[in-house]
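Beneath this line is the structure, given in structure tokens, with notes to follow.
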Amino acid sequence: MEIGTIGAGDFAQAFAKRVLKSGHKVKLSNSRGPESLREIVMRLGPGATAGTREEAVACEMVLLAVPWDNVPETLASLPEWKNQILIDGVNSYHGKAGTFTPADVGNLSTSQFIAELAPGARVVKAFNNMPVPNLEADPVVNGARRVAFISADDAAAKKLVETLLKAFGYSVVDLGNLRDGGLIQQAGGPLAGRDFLERGE
């Protein structure tokens, strides 16, 4: 499978490394175009390519990894979604480092808000408990597996993302739908940025 990314910052690059290690391919994209990603793709190695956002969105599974304040404009600029899985890896904070304030989208979870902005996409929330250093690190720590949380309204899409995260080496915990599970995971929620490990039997 080839997985696209909308955004190519530290988080998307850490995700890309996991994708490649699990035997899949990755197509990175950003707002500046494929040429700006040449060095990153060379550093990632075989299986990584750069593309336009349109090319990235054409992949079966796509990671959204842009700053929260850029989300509406970014999603509005993309072609129509045709049932692709959109992994919402966005940390929903306004502002830049040091001035973060959690986003308020009324009665919705931020993933529900993203789903409304991306009709036709099958949105799955993931990665909000995992800062970049943890995503880059070995998923097994002293014999315990790092926990990844997922939430979605589409059961089949959630299962596919769960399979991917297990291939990454994580222990996956299903938090339910985009509203309830999303609120628990998202910025300001009780699981955001928390590092959990699970020991096997």
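The values are calculated or read from the model by the stated rules, or taken from the named source; none is laboratory data. Everything numeric here is computed off the predicted structure, so don't read it as measured data. A quick note on method: Cβ atoms are made from the backbone with ideal geometry, for glycine too, and the neighbour counts reach across all protein chains shown. The protein model used for the area step is the full one, side chains on, heavy atoms only, and it has no ligands, DNA or RNA in it. Shrake-Rupley method; radii C 1.70, N 1.55, O 1.52, S 1.80 Å.
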(request) Can you tell me which residue among Val141, Val132 is within 15 Å of the chain's Cα centre (by Cα) and modelled with pLDDT under 95? (result) Val132
(request) Inspect all residues belonging to segment 86-99 and state whether any of them is over 22 Å from Pro190 (Cα atoms) and either touching a Leu at 6+ places or on another chain (Cβ under 8 Å) or open to solvent by 10 Å² or more (accessible area, probe 1.4 Å) (or both). (result) yes
(request) Could you check, for segment 88-96, whether at least one of its residues is within 23 Å of Val132 (Cβ to Cβ) and at pLDDT 95 or above? (result) yes
(message) Being touching a strand residue (DSSP E or B) at 6+ places or on another chain (Cβ under 7 Å) and charged (D, E, K, R) is the filter here; which residues of segment 29-45 pass it?
(response) Arg38
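If a residue has to be in a helix (DSSP H, G or I) and touching a helix residue (DSSP H, G or I) at 6+ places or on another chain (Cβ under 9 Å) to count, how many in segment 26-47 make the cut? Talk me through it step by step, then tell me what you get.
At the first step, the residues of segment 26-47 found to be in a helix (DSSP H, G or I) are 34-44.
Those left that are additionally touching a helix residue (DSSP H, G or I) at 6+ places or on another chain (Cβ under 9 Å): 34, 40-41, 43-44.
Adding up the residues that qualify gives 5.
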(message) Take Val124 and tell me if it is outside any loop (DSSP other than H, G, I, E, B) and either of a type in the set (Phe, Trp, Tyr) or within 17 Å of Val66 (Cβ to Cβ) (or both).
(response) yes
(request) Filter segment 48-66 down to residues that are within 19 Å of Glu80 (Cβ to Cβ) and either in a helix (DSSP H, G or I) or not aliphatic (A, V, I, L, M) (or both), then give me how many there are. (result) 9
(message) Suppose the filter is surrounded by 19 or more Cβ atoms within 10 Å (Cβ to Cβ), over 16 Å from Thr5 (Cβ atoms) and touching a residue at least 12 places away in the same chain (Cβ under 8 Å); does Ala157 pass it?
(response) yes
(message) Can you confirm whether Lys125 is of a type in the set (D, E, K, R) and either touching a Lys or Arg at 6+ places or on another chain (Cβ under 9 Å) or open to solvent by less than 60 Å² (accessible area, probe 1.4 Å) (or both)?
(response) yes
(message) I'm trying to understand the selection: among the residues of segment 160-185, which are open to solvent by less than 20 Å² (accessible area, probe 1.4 Å), part of a loop (DSSP other than H, G, I, E, B) and touching a helix residue (DSSP H, G or I) at 6+ places or on another chain (Cβ under 6 Å)?
(response) Leu178
(request) Give me the pairs, please: first residue somewhere in segment 175-188 and of a type in the set (Lys, Arg), second residue anywhere and outside any helix (DSSP H, G or I), beta-carbon distance under 6 Å, and either six or more positions apart or on two chains. (result) Arg179/Ser109
